[in-house]
Amino acid sequence: MPVHTSMPLNMNDNEPLAYRMRPRKIEDVVGQRHLVGPGKPIAMMVAAHQLSSMILYGPPGTGKTSIASAIAGSTKYPLRMFNAANGTMKDLKEIADESFTTPVVLLLDEIHRLDRVKQDYLLSFIESGQLIVVGATTENPYLNVAPALRSRLIIYEVFPLKPDDVFTALKRALGDAERGLGDRGVNCTDDVLHWLAERTNGDVRLALNSLEIVVKSGSPVDEEHLSDIISNNNFDMDAAEDMHYDTISAFHESVKGSDVDASLYYLAVLIQAGDMESIIRRLTVLLFEDIELIDIGMWGDVLEALRVAREVGFPKAKYILSTVTIAMALVPKTNSAQVAIDAALEDAKNNKLHPAPKFTQDFHYKGHEALGRGVGFKNPHDFPHHFVAQQYLPESLRDRVYYKPDADAEERFKKMHERLHEMLYGHTGEAAV
């Protein structure tokens, strides 16, 4: 059964360094000062001995398990661990049974995967305080944890550790002879530890375990040997995780905001993840959502370049995508078409209240005259310049103006729109709502 005490008595050297170095009390937690620092939420809970169940949400290696371990160690409550992905109902009931004699801190890993039966079973134990659940997840709990369970848990976000925090954890491990590497006589400079801390993306677990591998291998603890370990482990962005969607969003907003350098950075992250489809999809959306009418000539060029990028594939496609991204970031932006259709959609919600003028309605059937359908219709092709003034909007929306061109960016369209609108409705649309 996957049940463990907060800090095993028979700590052995075969357990990973990151596991052995888990904090025994809240003061030992590295980083996450917004939660465990003096006067902060979790620190206050521990000091008051009044614990609430919670969800810790954030990337791997940021201390979610460490915080649960520290809570248990500081309060002297037993710590039990349960993985929602593969733990059984039998295991969960055994942990719950233990809580009838003493409160238990339950680290519920991958809480977003907990099935409905187990969720329902836990609710009463959470409400009574018998189980202090610390749910750990890398996925947004507001999207991925069932509302009934989520409503009973306080959600705290944890963040990648700062390099100084990772350095502290590494230095502590090298000096700890009981649980760390302090009895191995490791020859390692602070500069090397700072180098490692800077290159592990705030993942203290990766930093500690990489250090241990090099130490135990007997190799010199230097940048060269550490680099061999972290190079294949340091980039991890699952397409289903929030970080992936956050990066896609940041890419979109950077291009829209005309920040070329930020656009290229987020593009590089997505390229590193190998996600060409998300890049192409976002650039296509940007073309019609944020560039729109301002540069119609760009449409065909961009779409063709994206087609070629998909055909060429990585790694060479990165140059095509970079070129397109730079061009789209630098071109002026407008969202007049977006605003126009959103405004029209608002009126369309009540379309039954706004029937089209009868002359525009379908009249391709016998008897349409009796219903007034198509009566009075003037075919624009029968008039000079293929244009004739007649009202196409429903009478109740006669004064609506949805398209409001950007005065600077769309001057050509602005003049054309005003002239045609005045001919059709007797005003330019400037003052209309």
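The values are calculated or read from the model by the stated rules, or taken from the named source; none is laboratory data. Quick caveat: nothing in here was measured; it's all calculated off a predicted structure. Because the Cβ atoms are built from the backbone with ideal geometry, glycine has one as well, and the counts that use them run over all protein chains shown.
Scanning the range 49-66 for residues that are modelled with pLDDT of 95 or more and either within 20 Å of M243 (Cβ to Cβ) or outside the structural domain of I26 (by TED's automatic domain parsing) (or both) gives I55, L56. Screening the candidates K415, K366, K349 for the property of being at pLDDT below 85, farther than 30 Å from S263 by Cβ and either in contact with a helix residue (DSSP H, G or I) (Cβ under 8 Å, 6 or more places away or on another chain) or exposed (fewer than 11 other Cβ atoms within 10 Å of the Cβ) (or both) yields one hit, K366. Considering the range 118-147, and only residues there that are of a type in the set (F, W, Y) and in contact (Cβ under 8 Å) with a residue 24 or more places away in the chain, the residue that is nearest to A68 (Cα to Cα) turns out to be F125. Counting the residues of the range 124-142 that are within 23 Å of Q32 (Cα to Cα) and outside any loop (DSSP other than H, G, I, E, B) gives 8. Residue count for the range 87-123 satisfying the condition of being surrounded by fewer than 20 Cβ atoms within 10 Å (Cβ to Cβ), hydrophobic (A, V, I, L, M, F, W, C) and assigned to a loop (DSSP other than H, G, I, E, B): 1.
The rows are residues; the columns are (1) in contact (Cβ under 8 Å) with a residue 24 or more places away in the chain; (2) buried (at least 19 other Cβ atoms within 10 Å of the Cβ).
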{"residue": "L193", "(1), (2)": "yes, yes"}
{"residue": "R205", "(1), (2)": "yes, yes"}
{"residue": "V215", "(1), (2)": "yes, yes"}
{"residue": "E223", "(1), (2)": "yes, no"}
{"residue": "Y265", "(1), (2)": "no, no"}
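Output the residues belonging to the range 269-300 that are without any contact (Cβ under 8 Å) to a residue 12 or more places away in the chain and either surrounded by 13 or more Cβ atoms within 10 Å (Cβ to Cβ) or of a type in the set (G, A, S) (or both). Of everything in the range 269-300, those that are without any contact (Cβ under 8 Å) to a residue 12 or more places away in the chain and either surrounded by 13 or more Cβ atoms within 10 Å (Cβ to Cβ) or of a type in the set (G, A, S) (or both) turn out to be R281, G297, G300.
Residue by residue, here is whether (1) in contact with a helix residue (DSSP H, G or I) (Cβ under 7 Å, 6 or more places away or on another chain); (2) of a type outside the set (F, W, Y) holds:
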| site | (1), (2) |
| --- | --- |
| L106 | yes, yes |
| H112 | yes, yes |
| D115 | no, yes |
| S151 | no, yes |
| Y156 | yes, no |
| R172 | no, yes |
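Matching residues to (1) polar (S, T, N, Q); (2) outside any helix (DSSP H, G or I); (3) modelled with pLDDT of 90 or more:
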| position | (1), (2), (3) |
| --- | --- |
| L287 | no, no, yes |
| W299 | no, no, yes |
| V302 | no, no, yes |
| V308 | no, no, yes |
| E311 | no, no, yes |
| P315 | no, yes, yes |
| S322 | yes, no, yes |
| T325 | yes, no, yes |
| Q338 | yes, no, yes |
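Restricting to the range 243-263, and then to whatever is assigned to a helix (DSSP H, G or I) and polar (S, T, N, Q), can you tell me which residue is surrounded by the fewest Cβ atoms within 10 Å (Cβ to Cβ)? Per the criteria, the residue is S249. Counting just the residues of the range 52-74 that are within 29 Å of the chain's Cα centre (by Cα) and of a type in the set (A, V, I, L, M, F, W, C), which one comes out nearest to D165 (Cα to Cα)? By that ranking, first place goes to I67. Do we find that L283 is at pLDDT 95 or above, within 16 Å of T323 (Cβ to Cβ) and assigned to a helix (DSSP H, G or I) in this structure? Spelling it out, L283 is indeed at pLDDT 95 or above, within 16 Å of T323 (Cβ to Cβ) and assigned to a helix (DSSP H, G or I). For the range 7-16, the count of residues that are crowded, with 18+ Cβ neighbours inside 10 Å, modelled with pLDDT under 95 and either of a type outside the set (V, I, T) or within 31 Å of the chain's Cα centre (by Cα) (or both) is zero.
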